[in-house]
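Novice: Got a structure for you, written out below as structure tokens; questions coming shortly.
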Protein chains: 2
Amino acid sequence: MTSDLPAHGLKLISTVTRAGELVLQLVEAPVAAPGADEVVIRVEATPINPSDLGVLLGPADLAAARFEGSAERPTVAIPLSPAAVKALAGRLDRPLSAGNEGAGQVVAAGDAARSLLGKRVAVLAGGMYAQYRTVRAADGLVLPKDVTAAEGASAFVNPLTALAMVETMKLEGHTGLVHTAAASNLGQMLVRICLEEGVPLVNIVRKPEQAELLRSLGARHVCCSSAPGFFEDLVQALGETRATLAFDAIGGGRTAGQILAAMEAVAAAKMTEYSVYGSGQPKQVYIYGALDPSPTELVRNFGLTWGVGGWLMPPVLLRIGPQAAERLRARVLAGLKTVFASRYTREISLAEMLQRETLLAISRKATGEKFLLNPSK
Amino acid sequence: MTSDLPAHGLKLISTVTRAGELVLQLVEAPVAAPGADEVVIRVEATPINPSDLGVLLGPADLAAARFEGSAERPTVAIPLSPAAVKALAGRLDRPLSAGNEGAGQVVAAGDAARSLLGKRVAVLAGGMYAQYRTVRAADGLVLPKDVTAAEGASAFVNPLTALAMVETMKLEGHTGLVHTAAASNLGQMLVRICLEEGVPLVNIVRKPEQAELLRSLGARHVCCSSAPGFFEDLVQALGETRATLAFDAIGGGRTAGQILAAMEAVAAAKMTEYSVYGSGQPKQVYIYGALDPSPTELVRNFGLTWGVGGWLMPPVLLRIGPQAAERLRARVLAGLKTVFASRYTREISLAEMLQRETLLAISRKATGEKFLLNPSK
């Protein structure tokens, strides 16, 4: 049943200690033998997404980190503020494994899952920052032969998040989208999905070169937030697209409120009668990331018909139901080399991930810089 | 058909001029003769609600106001900032009448509305800051004989807003409410409604004497935001009530975010597994006022399952449908002296309203100070 399965494998864990530190370390963990309907994956590729960093680093400030241990077994210890420790009470002294998704080869399988042995699968199972991961066979997405582990590593989080944004738009009665930090891997997927589906999309980026990148993918509306006429550009793009739903990866500062104000400016221009409550046009911004962890500031110059809220992909898949969700997964699988392709700037090992410069670069979450972890390296 | 209907009557108008001033003045306007299905009301009582002030004063700063004209025909002119003029573009050089609701005697009626002649009616029709107002007969709520104009003046905005809050709670799957600025006339109604319906309600007030007032009405959960243990008190009250929907009249500052953080603290205490996304408990704050016009600041320490949004009563009445809305109106009519009673601290005339001290007092929107306008005075 099992092949050459080792007894132990390295895995990365993150622990918030009662002493007030966040500790990242590599531990030798026993490789769980597969149950009848389980498989063991030798993980070959797993992306480092902002949502993974939430588990790995939480609110810890790397500037104060101590990098210790050997080159093969590095350790990082980061002092936390008392407020941060309090906010993390739910994970105190509980070692957390990390890495939402990834791909690799099935090296052992239970009786009911024999057919997967030797196949390459992608999985959204958590704990992927490990050499081996035992998961339910049903959770594995078998990758076509010509798809590499790197190509299959990000088959869930970004693709399904981008698709779920479009589904949310349909569910909530909007007909166009706005997206911030739009040059990200996720943002590029969204551009391609919206082109495919004919959904009007307004992309907000920070730098001219990011605008160029998106235009080269076919994006029609790109507004650069660092440009002098940004707000006017945004109003113009919203007027042309009639987009009234935005997804914001930034979270902090005035971006969400600016988007609502621009949407309201479009709606107000069409009002024939003044109302102190503003237009009746529904306007929504969903915050799904925290590239800027500072407070969200809403100036509230956009009437009383508006909403801002948190947003996650999994509840959307529940809302649309299992069959529709399955169709989305099949669409991703078919498009891993095209619509849903991800780009990585560097492949690193588990030990490299805990080196100072690498971890600092990862924590910057810079658009255009994306790391792929290969725990088997 | 008409009785002793005068040709003209005084009315209050508010105009934003292209020259950059907001001007309040009393004008002699022709009294429109009633159409077949219309009545003319001699307005005897009309409340000054925060929503009326939005039309009257907008964002104008009274500190710079010039009070001119005679005692009988006062005028107020308030210079506006260029930003304010821009924000008010929709009402530039359009004189707006004000006063959402009020009550008075029917002094003239069209053929189809004869039966109303001489009756006292309440109406939500706008333009009530006037001696006479011609409205559709169908919009008039005939008041019982023992109900005075003062008692019937606020039969719509506050009562229906408080009832619509409870309806929203039911529509959106919550089972308890939080209310800020809870000692207002509206807040007192909400306390009585929630007691009647058995809806758990957490009241947030600023001052101990306001807490006392609400407790004297039977309120069980009152948290005082100026007290040192406010946040802990709030968490405790939310734990006891399981309230996950809040209505916030304040708008600016950190109140909305604090409420979400307290709701999340209650939900997090029951989680068995840590999640970087926080609890899956839906948490919503609706902002329906702007007692603090400064920006809303959300610290976002409450996971990703949350919403903040603007809120208005009329769309809720549309959502529940005409029959349910009619039942709410009937309930208000039956409770004008009890559940839906309003308190006023002063009755003023149209001319008094435009005097410096009166207008300043009105614009403070202080809880416990409430003005009733009697245009027939």
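The values are calculated or read from the model by the stated rules, or taken from the named source; none is laboratory data. In this text the structure is predicted, and so the values were computed from the model without any measurement. Note that each Cβ is placed from the backbone with ideal geometry, even for glycine, and that neighbours are counted across all protein chains shown. These accessible areas exclude ligands, DNA and RNA; they are computed on the full protein's heavy atoms, side chains included. Shrake-Rupley method; radii C 1.70, N 1.55, O 1.52, S 1.80 Å.
Novice: Which residue, of A:Thr75, A:Thr46, is open to solvent by 10 Å² or more (accessible area, probe 1.4 Å) and either touching a residue at least 60 places away in the same chain (Cβ under 8 Å) or touching a strand residue (DSSP E or B) at 6+ places or on another chain (Cβ under 9 Å) (or both)?
Specialist: Within the list A:Thr75, A:Thr46, the selection yields A:Thr75.
Novice: What number of residues within segment A:223-243 satisfy the criterion of being open to solvent by 20 Å² or more (accessible area, probe 1.4 Å) and touching a residue at least 24 places away in the same chain (Cβ under 8 Å)?
Specialist: Residues in segment A:223-243 being open to solvent by 20 Å² or more (accessible area, probe 1.4 Å) and touching a residue at least 24 places away in the same chain (Cβ under 8 Å): 6 in total.
Novice: Which ones in segment A:253-303 are β-branched (Val, Ile, Thr) and either more than 8 Å from chain B (Cβ to nearest Cβ) or assigned to a helix (DSSP H, G or I) (or both)?
Specialist: A:Thr255, A:Ile259, A:Val266, A:Thr272, A:Val285
Novice: Just to be sure, is B:Arg133 over 15 Å from the mean Cα position of the chain (by Cα) and surrounded by fewer than 23 Cβ atoms within 10 Å (Cβ to Cβ)?
Specialist: So B:Arg133 fails the test.
Novice: To continue, here is another question. Return yes or no: is A:Tyr288 modelled with pLDDT under 95 and either out of contact with any strand residue (DSSP E or B) (no Cβ under 7 Å at 6 or more places or on another chain) or open to solvent by 10 Å² or more (accessible area, probe 1.4 Å) (or both)?
Specialist: no
Novice: Just for segment B:304-359: of the residues that are within 14 Å of chain A (Cβ to nearest Cβ) and assigned to a helix (DSSP H, G or I), which one is farthest from B:Phe371 (Cα to Cα)?
Specialist: Going through the qualifying residues, I end up with B:Arg319.
Novice: Let me ask something else about it. With respect to B:Val199, determine if the residue is assigned by TED's automatic domain parsing to the domain that holds B:Thr367 and within 17 Å of B:Val339 (Cβ to Cβ).
Specialist: no
Novice: Please count how many residues of segment A:360-377 are without any contact (Cβ under 8 Å) to a residue 40 or more places away in the chain, closer than 19 Å to A:Ser51 by Cβ and part of a loop (DSSP other than H, G, I, E, B).
Specialist: 3
Novice: Right, something else. I'd like to verify a number: residues in segment B:163-199 that are assigned to a loop (DSSP other than H, G, I, E, B), crowded, with 22+ Cβ neighbours inside 10 Å and not small (Gly, Ala, Ser), how many?
Specialist: Residues meeting the conditions: 0.
Novice: Tell me which residues, restricted to segment B:85-127, are on the phi > 0 side of the Ramachandran plot, open to solvent by 40 Å² or more (accessible area, probe 1.4 Å) and in contact (Cβ under 8 Å) with a residue 60 or more places away in the chain.
Specialist: Correct list: B:Asp93 only.
Novice: From the list B:Arg356, B:Arg327, exactly one residue is of a type in the set (Lys, Arg), surrounded by fewer than 16 Cβ atoms within 10 Å (Cβ to Cβ) and in the same structural domain as B:Gln131 (by TED's automatic domain parsing). Which is it?
Specialist: Just a single option satisfies the conditions, and that option is B:Arg356.
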